[in-house]
1. Can you work out the PRE-style zone for residue 62? Point 7 Å along Cα to Cβ, and I want the residues of the range 114-150 with backbone N under 11 Å.
2. Of the accessible area of the chain, with the probe set at 1.4 angstrom, what percent is carbon plus sulfur?
3. Calculate, for the chain, the solvent-accessible area per residue in square angstrom, rolling a 1.4 angstrom probe over the heavy atoms of the protein chains.
4. Just for the Cα atoms in the range 1-131, what are the lengths along the principal axes, largest first, rounded to whole Å?
5. Quick check on packing: order 148-157, 11-20, 26-35 by the mean number of other C-beta atoms within 10 Å, highest mean leading.
6. Rounded to the nearest 0.05, what FRET efficiency do residue 7 and residue 77 have when you use their Cβ-Cβ distance and R0 = 35 Å?
7. Output the 0 to 90 degree angle, nearest 10, between the alpha-carbon long axis of helix 63-72 and the longest principal axis computed from the alpha carbons of the chain.
8. What is the Cα coordinate range of the range 24-84 on the first, second and third principal axes, sorted by size from largest, in whole angstrom?
Amino acid sequence: HYNNGDEIPTGYNNSEWENLSTGAYAIYNDDMSNAEIYNNLYNWYAVDDSRNIAPEGWHVPSDYEIKELEMYLGMSQEEADEEGNSRGTNEGSKLAGMDDLWIDGALQDDDDFEASGFNLLPAGIRTIYGDYANIGDSGYLWSTTENNGDHAFYRFLHYNSSKVNRVHDSILAGFSVRCVKD
């Protein structure tokens, strides 16, 4: 639900998902057990909706706020400002959590795995075409920061790297959402 009580719609098939222009969420492979473990995957329209996806007193972080967290965990300002893959040193391992959910690799092999308590999970993605991919090997996280009108910034972690990827993608994709206390 949005903060005002309105339901966020779900249950779209692939062709419906790729043609959305309003907020929606999906459960990986439409399997409720995935919702219990990984939670939901939201398109960016839900993140950007004025009804607020976050509970009262919370908000979805901006790209700038996520960069602040990355720098707090040890990333330099220069690296934080970069776009692309493999930024930082082991900040991805510090942001990840729940070792048993990740495919074995460099992310969880790092000594600082789970160090921040943030516990980003490998919830995968719902692609812009409505397909599901990457559960167990990647965790994706929306920011509220738009890029070029039909893209927004997000982060993703991959099981084979302890670093953090900062990229932008279509606002139609379905990613995890984390909220920050106001």
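The values are calculated or read from the model by the stated rules, or taken from the named source; none is laboratory data. Every value quoted in this text rests on a predicted model; they were computed, and no experiment measured them. Every residue, glycine among them, receives a Cβ derived from its backbone with ideal geometry; neighbour counts consider all protein chains shown. Just the protein is used for accessible areas: all its heavy atoms, side chains included, with ligands, DNA and RNA removed. Shrake-Rupley method; radii C 1.70, N 1.55, O 1.52, S 1.80 Å.
1. What the label zone holds, given the 11 Å backbone N cut-off, is 144-146.
2. Working: 3770 of 8600 Å².
Roughly 44 percent of what the probe reaches on the chain is carbon or sulfur.
3. On a per-residue basis, 47 Å².
4. Result for the range 1-131: principal-axis Cα extents of 40, 31, 27 Å.
5. Details: 148-157: 18.5, 11-20: 13.8, 26-35: 15.7.
Taking the mean over residues of other Cβ atoms within 10 Å, the ranking is 148-157, 26-35, 11-20.
6. 0.30
7. Between the helix axis and the principal axis of the chain, the angle is about 30 degrees.
8. 40, 26, 20
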